[in-house]
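Encoded as structure tokens, the structure appears first; notes follow it.
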Amino acid sequence: MTELAEDETSTAHDPVVERLLPMASRIHLNAGERLHDDGAVYFPLDAVVALVLSRDEARFQIGFARRGDAIGLPRLFVPDFPLVLATVLRGGRFGRVNAGVLWRLMAAEPAFRDRLSSYTMHAMGRYLSEAAGALALSLDQRVARWITLCRRALDDDSLPVTHDGIAEALGVRRSGVTVALHVLEGNRFIRSRRGRIDVLDREGLRAFAATAARTSGKKQPGLDSFQSPGPDGR
């Protein structure tokens, strides 16, 4: 990570992020780098980050972070919350606030502490909901959903991603991703080429990803490993 001068002038829309950005140091991360699990909170300024929920051998893609998002808050409040792996998809600048600064600010401003806690609990709920939703999809649909969300995050129909990168994000074998991409190509939703995927049919891809492959009433195996206690230990 490379430290940058504090030259950011525009602001994010979320009040929590707006409050923290002025005290954040500036760093630059390149595509492919992973944010450190160092207790700090990171704010993408012009970068895009892929987020993966991880515990033991299980992994689930839970979304993408860009300007206006905060990365690293859940484990500040709930240390046992599953690790969120954050890999830079589009390189760029970040704000970084270390845990000590956050704790001092929360001690000095109880109202901000409550707002930050609410923001974090909402994020944790979204992460777990996305992980649960992935369990209701076939691998073909999970890959389609990942591509759909990636395209939205990058705002580009040409995505700089590889079979290996998608496999790592979804916690599956590369061979399974390759088969899924062939299915999507056969439906003319995408075109896969070396180191890049081109989205040809956004609506078709999104519709394919949205169709659940399992009966919604069935128990979804595997989610139990991601359940974490709330701040009160329940």
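The values are calculated or read from the model by the stated rules, or taken from the named source; none is laboratory data. Worth saying up front: this structure is predicted, and the values here are computed from it rather than measured. We place every Cβ from the backbone using ideal geometry, glycine too, and count neighbours over all the protein chains shown.
Look at Ala132 and say whether it is over 21 Å from the mean Cα position of the chain (by Cα) and either closer than 25 Å to Val78 by Cβ or among the small types (Gly, Ala, Ser) (or both). Taking the combined requirement at face value, the residue does not satisfy it.
Return yes when Arg66 is in contact with a Pro (Cβ under 7 Å, 6 or more places away or on another chain) and modelled with pLDDT under 85 and no when it is not. No, not satisfied. Scanning region 52-81 for residues that are under 13 Å from the mean Cα position of the chain (by Cα) and closer than 16 Å to Ala132 by Cα returns Val52, Leu53, Ser54, Arg59, Phe60, Gln61, Ile62, Gly63. Could you tell me which of the residues Val179, Val143 is at pLDDT 90 or above, under 11 Å from Ala209 (Cβ atoms) and touching a helix residue (DSSP H, G or I) at 6+ places or on another chain (Cβ under 9 Å)? Criteria check complete, one pass: Val143.
Within region 182-197, the residues that satisfy the criterion of being assigned to a strand (DSSP E or B) and among the β-branched types (Val, Ile, Thr) are Ile190, Ile197.
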